[in-house]
Structure formats: structure tokens, C-alpha cells
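> First the structure, which I've put down as C-alpha cells, then a few questions once you've had a look.
None of the figures in this text is laboratory data; all of them are computed from the coordinates on show. Predicted, not measured: the structure shown is a model, and the values here were computed from it. Cβ: placed from backbone, ideal geometry, glycine included. Neighbour counts: every protein chain shown.
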Amino acid sequence: MGRPTVSVVIPTLNEELHLARTLESVASQTYTEVVETIVADGGSTDRTREIARGFDKVRVIDNPERIQATGLNRALAVATADVVVRVDGHCVIAPDYIERCVDALEGTGAAMVGGGMHPVADAEGTGSLPRSIATAMESRVGAGPARFHVGGAAGWVDTVYLGAYWRESALEVGGYSPTVAVNEDAEFAIRLKPRGGIWFDPDIRSTYSPRQTLSALAQQFYRYGRGRATTVVLHPRQVRLRQLAAPMLVLGLLSRRRRTVAIAYGMVVAGRAACEASRDPVAAPALALALPVMHLSWGVGFLQGIATAAGARVAPQNRNHGQLISQSHAASCR
């Protein structure tokens, strides 16, 4: 019996700067059973769709909702392979990425497998700020201790970067939740976990192009915070203390003890920047700016997301298995 076939799914929106490198890395895989790449595009106004159609075995489908979760569901609805490998339009996967994903799925019996998120500043953006943003996103101080951020030994975890999984299992749990506009991977992993667990393998390697400006970084982490808040409302038992650090910082800075909180936090940031100074002295001051932008944006987004999601009484999305996929499939056939 042959090895599992693979569908690669990529949600996109205006990714002309990065998509060609992403698709080239998919086309260069050592695994020979990649049967298709499905690009779910949210109505790009640049050359994203043109670039995608220039590659073999790439199919472009529409994602009119312009939400990553719905794009992924639309791709799942039309995918034909045994295994789905989710890839982002901002990342480049190693040549053996898919082979290692399939090996890990078969070898561990996990429901989902994946590796780390390794931010690398673009070649044309090698100034101190882009380098500092990349460093902050890999730092325990910046992004927390999750293994997909900071690395570590192979083992069972709560979530991984991107993820590869059996398509049938994804259909059975109802696909990605469109309620979770950002953080959809982590919420999806929570529902997949009972079917075999989530396995992290540091040898499943990819690089990611982070935001290049502080304003873009702030917008990104604000959305991350809101997405995590929705996940917490959907799955309150899955909350981790580390996820409350940034919102507690924001609340502390709004409290009567704001000065004490600000001094303590400033010392933490200054200490991390000082450590970076020995490695990259030019980027260290920018790191001291990137860290607060990440933490405060995430914290504000989380608090606002909790208020919004709780007020709307968000209901879990996995009660009717396959409902999300069937809805996306019906929409894509109209």
C-alpha cells in the first residue's frame, strides 16, 4: 500500500511579495505524493492569484468571507488527499517539511503534527527594527514559552505552527471555526487533540516573514489577542496562566499601581534588550520598542475580545460534526 497523499492548503490575501517563495518551497518537496495545492484567496487586488496560477498543481478558489478559517474550510471541502498540510503565504517550508509531517503523523498516531515558527526578516528589510521584531517573536519574553515559538524537544503540546493532519479527522470535528477570525489554528487543535494529541517536532522546519513596522506589528498582535479571547470563551478550560500575562499588564497600567507596574515591566524589557545587545547591539533599542508593542496590543485585543465574545455568548462550533465544512462546500458550489 502506498504512502498517504497530501493536499497543501494556503489561505491568501494580497500576498504577492511572499507567495512565489512559498509555492516554490512547496514545489521543491522531497515527498512525492503531494497531489495538489489549494490557494483559498480572499479577493486579492494585487498579483497573488496570477502568481498562484503560474505553478503546477495549484488550484485557486474563492474565499469571499476573507477570513482565514473560512478559506481553510473551503479548501478542506474540495481537497482530495489523505493528509492536509496547512501553509501560510508568508512562510517558506524546508524541502523535507511535508515528508517529516507525514512521518510524524504515521509514527506517533497524533491527530496533528507541526514544528516551530521561525521569523526571519526579509533580505530587503535587514534594518534593526525588522531584525528586532523577528527576535521578539522568538523570545520567551516576547511570545511566551510555547514550544512552537521558542523551540524544544519533540513531544506532546497544546498546539503547533500551521499543522498537518488527516483530512477525515478535520471533517469529523467540523473544520476550522469561522467565529475565530485569528488564532483559528489553536482553536482547531483543541478540538482535534482528543483524536490522538498534538505532536511537536523541531525537525519540521519553516521560516516566516514577520511584520516590518511597529504599526503592522501592533495590528497583528491586537488581532492575535482578540482571537485568543474568542478561543478562551469557546474553551474556558483550555486557558493557560501565561495567556493572562499581557492583559494583566494592561490592567496593571490602568490601575492605581500603574507606576510600580510600569517600572517592573520596564526592567524586564530593558533586561531582555541588554541581553540582545551582546548579540546585535544595533537592534537592541528597537527590541525594547517591539516588546511593549506586542504585549500591550495583545493585551488590549484580548480584553476587548473577551468583552465582545462574552457579550455575544459565542457558542462552541464543534457540536455538529462536519457542519462548517458542509456550509463552506455548499457556498463554494453556488
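> Report relative contact order for region 38-175 in percent, whole number only (criteria: Cα-Cα under 8 Å, sequence separation at least 6).
25 percent
> Okay, moving on. Bin by bin, in steps of 10 Å, what percent of the Cα pairs in region 6-333 do you find, going until the bin that has the longest distance?
6, 25, 35, 24, 8, 1, 0
> Would you mind computing, in nm to one decimal, how far apart the modelled labels at ARG205 and THR80 are, each placed 7 Å from Cα along Cα→Cβ?
If labels sit at ARG205 and THR80, their model points lie 3.3 nm apart.
> Now for a separate question. So for THR231, THR70, fewest C-beta neighbours within 10 Å to most, what's the order?
Least crowded to most crowded, the residues run THR70, THR231.
> Among ARG131, ARG240, ARG21, whose mean-square fluctuation peaks in a Gaussian network model of the chain (Cα, cutoff 10 Å)?
Taking springs between Cα atoms under 10 Å, the residue moving most is ARG240.
> Further question: Taking the Cα atoms only, what angle lies between the long axis of helix 284-312 and the longest principal axis of the chain, rounded to 10 degrees?
70 degrees
> Within a 10 angstrom radius of the beta carbon, how do TYR222, TYR165 rank from fewest other beta carbons to most?
TYR222, TYR165
> Taking only DSSP H segments of four or more residues, each worth -39500 (n - 2.57), what value at 222 nm results for the chain once the sum is divided by all its residues, to the nearest 500 deg cm²/dmol?
The helix-only estimate for the chain comes to -15000 deg cm²/dmol at 222 nm.
> Which percent of Cα pairs goes in each bin when the distances of region 1-79 are cut into 5 angstrom slices starting at zero?
With a bin width of 5 Å, the distribution comes to 3, 17, 28, 24, 17, 7, 3, 1, 0.
> At a threshold of 8 angstrom on Cα-Cα distance, excluding pairs fewer than six apart, so keeping six or more, what relative contact order does region 6-333 reach in percent?
Relative contact order for region 6-333 comes out at 20 percent.
> If you take every residue apart from ARG240 with its C-beta less than 15 Å away from the C-beta of ARG240, what net charge results, scoring Lys and Arg +1 and Asp and Glu -1?
+4
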